[in-house]
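**Q** This structure is in C-alpha cells; I'll ask about it shortly.
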Amino acid sequence: MPYEHLLVSVHGEGPLKTGLVQLNRPKQMNALNDRVMDELGAALLAFDQDESIGCIVLTGTDKVFAAGADIAEMADYDFIKVYKANFISRNWETLGRVRKPVIAAVAGYALGGGCEVAMMADFIIAADTARFGQPELTVGLVPGAGGTQRLPRAVGKAKAMDMVLTGRMMDAAEAERAGLVSRVVAADELMQEVLSAADTICGLGMPSVMLAKECVNRAFEGALSEGLTYERRMFHALFGTEDQHEGMDAFLAKRTPQFKHR
Ligand code: HXC
C-alpha cells in the first residue's frame with residue numbers, strides 16, 4: 001500500500017530486523033486523521049506479519065510525535081455519526097493487536113491522541129524535547145483512545161487527573177520520573193538509542209519476546225476493556241454538545257473558546 005502520511009523502512013544487520021514507521025504529516029503536526037490511522041494500522045500489521053521483523057519502532061518528526069486526532073476532521077462530527085461509526089475503534093485499536101514489541105520514539109509534542117498512541121506502544125523512549133499532554137478538554141472532549149485508562153496506570157491518579165483536567169503538558173524529565181517513559185536521551189541520539197534497543201530485542205528468541213509482552217500486558221489489562229468502553233461512550237456523547245463544536249471551531253479559527261456550559 002503506498003503511504004501518503006507515513007515513511008516506512010527496515011533497519012538492522014541480524015536475521016531479525018526492525019521495522020520503522022514514521023508519522024509524516026508535518027504541516028498538520030502529524031494530526032491523526034482517518035487516513036493516517038488506516039495507514040498506520042496497515043503498516044503495523046504488515047510488519048507484525050513479516051517473519052523477518054523482530055521489533056517495530058513508531059516515531060514522528062523532530063518537532064512532533066503527533067498533536068492528537070485531527071481537529072479539522074472532527075469539528076463537524078456529531079454524536080450519531082461517531083456512535084454509528086464507532087469512532088475511533090475501527091482503526092485506532094490496531095496498535096493494541098500487534099503481537100511483536102512496539103517501541104514509541106517520541107520527540108516534541110505527543111498530545112491528545114498522539115499521547116494515547118504512544119501509550120499503546122509497549123514502552124516509550126523519549127528525547128529531552130518530548131512533551132506529553134491530554135488537552136482534549138480544551139476542545140470540548142475527553143480523551144477517547146485510552147488516555148483516561150492508560151495514563152493513570154502509567155503515572156498514577158494524581159498526575160493523570162492533573163494532566164487530563166488542566167491539560168498541562170509533562171516534559172520529558174517529569175515523564176521519566178512519573179514512569180510514563182522508560183528512558184530519556186538527547187534529541188540527536190533518540191533514533192540511535194531506540195534502534196539499538198530494538199536491535200537487542202531482535203537478537204532474542206521471538207517466542208519468549210512475544211510471550212513476555214503478553215505476560216506484562218496481563219498485569220495491566222484487568223478491567224481495561226470495561227474502562228475503554230465507558231470512555232468511548234463518553235467521548236461519543238461529547239460530540240452531541242455545543243461546547244465540542246465551539247472548542248474545535250475556536251482552535252481552527254485561532255481564538256479563545258467561549259464554552260457555554262462552564
Ligand atoms: C488538526 C492541527 C492539530 C490537530 C495542530 N494542527 N494540531 N490540526 N488537528 N490536533 C495544525 C494547526 O491548526 C496549524 O495549522 C498547524 O498544525 C501548526 O500548528 P500550530 O498550532 O500553528 O503550531 P504551534 O504553535 O507550534 O503549536 C503546536 C501545538 C498546537 C502545541 C501542538 O498545534 C496544539 O495545541 N495543537 C492541538 C493539540 C490538541 O488539542 N490535541 C488534542 C486533539 S483532540 P495551520 O493550517 O494553521 O498551519 C484528540 C482526541 C483524541 O486528540 C481522542 C481519540 C481520537
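**Q** Could you look through segment 15-52, keep only residues that are in a loop (DSSP other than H, G, I, E, B) and small (G, A, S), and pick out the one that is surrounded by the most Cβ atoms within 10 Å (Cβ to Cβ)?
**A** If we take residues in segment 15-52 being in a loop (DSSP other than H, G, I, E, B) and small (G, A, S), then A31 is surrounded by the most Cβ atoms within 10 Å (Cβ to Cβ).
**Q** So, one more: From the set of residues in segment 78-114 that are crowded, with 22+ Cβ neighbours inside 10 Å, assigned to a helix (DSSP H, G or I) and within 12 Å of the ligand (Cβ to nearest atom), which is farthest from the chain's Cα centre (by Cα)?
**A** W92
**Q** If you go through segment 4-39 one residue at a time, how many are under 18 Å from the mean Cα position of the chain (by Cα), within 19 Å of L95 (Cβ to Cβ) and in contact (Cβ under 8 Å) with a residue 60 or more places away in the chain?
**A** So the answer is 3.
**Q** Consider only pairs whose beta carbons are under 7 Å apart and that are at least six residues apart or on different chains; among these, list those whose first residue lies in segment 154-171 and is without any contact (Cβ under 8 Å) to a residue 40 or more places away in the chain and whose second residue is of a type in the set (G, A, S) and in a loop (DSSP other than H, G, I, E, B).
**A** Going by the 7 Å Cβ cut-off, the qualifying pairs are A154/G179; V155/G179.
**Q** Hey, another quick one. If I filter segment 40-59 down to residues being under 21 Å from N91 (Cβ atoms) and among the acidic types (D, E), which single residue comes out as farthest from the chain's Cα centre (by Cα)?
**A** D50
**Q** Quick check: is even one residue across segment 53-61 of a type outside the set (G, A, S), part of a helix (DSSP H, G or I) and within 16 Å of the ligand (Cβ to nearest atom)?
**A** no
**Q** Residues of segment 62-77 being away from the ligand (no atom under 12 Å from the Cβ) and over 18 Å from T241 (Cα atoms), which ones?
**A** If the condition is that a residue be away from the ligand (no atom under 12 Å from the Cβ) and over 18 Å from T241 (Cα atoms), then D62 is the only one that fits.
**Q** Answer with yes or no whether A186 is farther than 24 Å from E226 by Cα, modelled with pLDDT of 95 or more and in contact with a Ser or Thr (Cβ under 6 Å, 6 or more places away or on another chain). It would help to see each step written out before you state the result.
**A** Working: farther than 24 Å from E226 by Cα: yes; modelled with pLDDT of 95 or more: yes; in contact with a Ser or Thr (Cβ under 6 Å, 6 or more places away or on another chain): no.
For A186, the condition - farther than 24 Å from E226 by Cα, modelled with pLDDT of 95 or more and in contact with a Ser or Thr (Cβ under 6 Å, 6 or more places away or on another chain) - is not met.
**Q** As an exercise: evaluate A253 against (1) free of Cβ contacts under 8 Å to residues at least 60 places away in the same chain; (2) in contact with a strand residue (DSSP E or B) (Cβ under 9 Å, 6 or more places away or on another chain) and give the number of the one condition it does not meet.
**A** (2)
**Q** Give the number of residues within segment 216-256 that are of a type in the set (K, R) and closer than 14 Å to P143 by Cα.
**A** Going through segment 216-256 one residue at a time, the tally reaches 2.
**Q** Just for helices (runs of 4 or more DSSP H) wholly inside segment 163-262: which have at least 2 residues that are of a type in the set (F, W, Y) and not assigned by the TED database to the domain that holds A118? Even if it seems obvious, please write down each step before you answer.
**A** Working: elements: 172-178, 190-202, 206-218, 224-238, 242-252.
Because the criterion is at least 2 residues that are of a type in the set (F, W, Y) and not assigned by the TED database to the domain that holds A118, the helices (runs of 4 or more DSSP H) in segment 163-262 that meet it are 224-238.
**Q** Related question: Looking at K260, K157, K213 in this structure, which one is away from the ligand (no atom under 16 Å from the Cβ) and at pLDDT 95 or above?
**A** K157
The values are calculated or read from the model by the stated rules, or taken from the named source; none is laboratory data. Values in this document were obtained by computation on a predicted structure and should not be read as measured data. Neighbour counts are summed over all protein chains in view; Cβ atoms, including those assigned to glycine, are modelled from backbone coordinates with ideal geometry.
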